[in-house]
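Please treat every number below as a calculation from the coordinates, not as lab data. This is a predicted model, so every value here is computed, not measured. No Cβ is skipped: glycine too gets one built from the backbone with ideal geometry, and neighbour counts run over all protein chains shown.
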Amino acid sequence: MNNSPHVHLPISVRVIMLKVLLALLPGIAVYVWFFGAAILVQIALASTAALAGEAAMLKLRGKPVGLFLSDGSALVTAWLIALTFPPIAPWWLIVSATLFALIVAKHLYGGLGQNPFNPAMVAFCVSIIAFPALMSQWPAVGFTDFAAQMRVIFESQSAQDAVTMATPLDALRTQLHTPEARATVAGILGSHATFGNIGGKGWEWIALAYLVGGLWLLQQRIITWHVPVAFLGVLATIATVFSFANPDSYAGPTFHVITGGAMLGAFFIATDPVSGATTPRGKLIFAAGVALLTWVIRTFGAYPDGMAFGVLLMNLCVPLIDMGTQPPVFGHKDDKRGGGVP
């Protein structure tokens, strides 16, 4: 019989990162099913670049390479970059973006635990601003010819137009913002080949697979409920209000939650413990802000999905959010609540 007290050792960074990688596997499996194995090549490229960049920076900074390289944080960043970039993007784009994330967005701020911005989202935003055409070319559902995908990634980008199509968010935004089209949300969703039963063909199931992985992370207590619930709840609420007021111009909540990077962002990106808020109330405020910015950029902005920009903008607010939501220290008087001991 074990003796008390039962003190549990804190979970290691390596275990946390390993479980995050495992939770991403359902989404990756469904991704391969609908869009082919090119995503596996992109994950391999990003992982190799991440490990190489991480090792080089650790060496330059005089840190133990083996210890920090094996914690899995670089791989998580690499996988998130690969999963948010087009799977047939040129190889040099995914490699350079991953190196930028690790070197500039992480190590130049002091390494793991010191970076104020989510490295994967920094890589995405920099890339979509610098290379908007390449970042908007996604494979059409059914284009799963691995040899053809490899030619696009490693040889010729000129063939992309024949095998690519817009994402559901991009297609909806473009047609709604075309004055001469006079299109409605219902008309676009019912006629465009990009859209499936709820969101986008294939993307609906990928989002549900991310949901499965995210729920497993909640069950494992790797993340808390605050960020996913606040993000998805606020995003759905805003979409519901505007869709009810003007259904011809604004998509409903199901479309916004299932489409784009909403589900991946809710469970795997906005939950980043380093660049996100740390207090329970702070997490709710942080996630609500990300959801609001995501919807605003999706609806009125120049980019189809605002998840990455929303995360980075709210990263700027984290110090203020944490400062304003810190619970009172035990034994000290809380002026706002009138409790505690003077």
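So the values come out like this:
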{"item": "Relative packing of 14-26, 39-51, which averages over residues the other C-beta atoms within 10 Å, highest first", "result": "39-51, 14-26"}
{"item": "Whether the stretch 201-252 is rounded, prolate or oblate, judged on the alpha carbon gyration tensor where a/c under 1.5 counts as rounded", "result": "oblate"}
{"item": "Simple spin-label estimate for Q326 and L215 in nanometres, 7 Å along Cα-Cβ", "result": "3.8"}
{"item": "Tensor-based shape of the stretch 1-130 (alpha-carbon gyration tensor, a/c under 1.5 rounded, otherwise prolate or oblate)", "result": "oblate"}
{"item": "Inter-site label distance for V241 and A52 at 7 Å from Cα along Cβ, in nm", "result": "4.8"}
{"item": "Distance (nanometres) between label positions extended 7 Å along Cα→Cβ at S136 and R151", "result": "2.6"}
{"item": "Packing-based exposure ordering (other Cβ within 10 Å, fewest first) of S243, S12, S70", "result": "S12, S70, S243"}
{"item": "Protection proxy ranking, peptides 98-107, 319-328, average beta carbon neighbours within 10 Å, highest first", "result": "98-107, 319-328"}
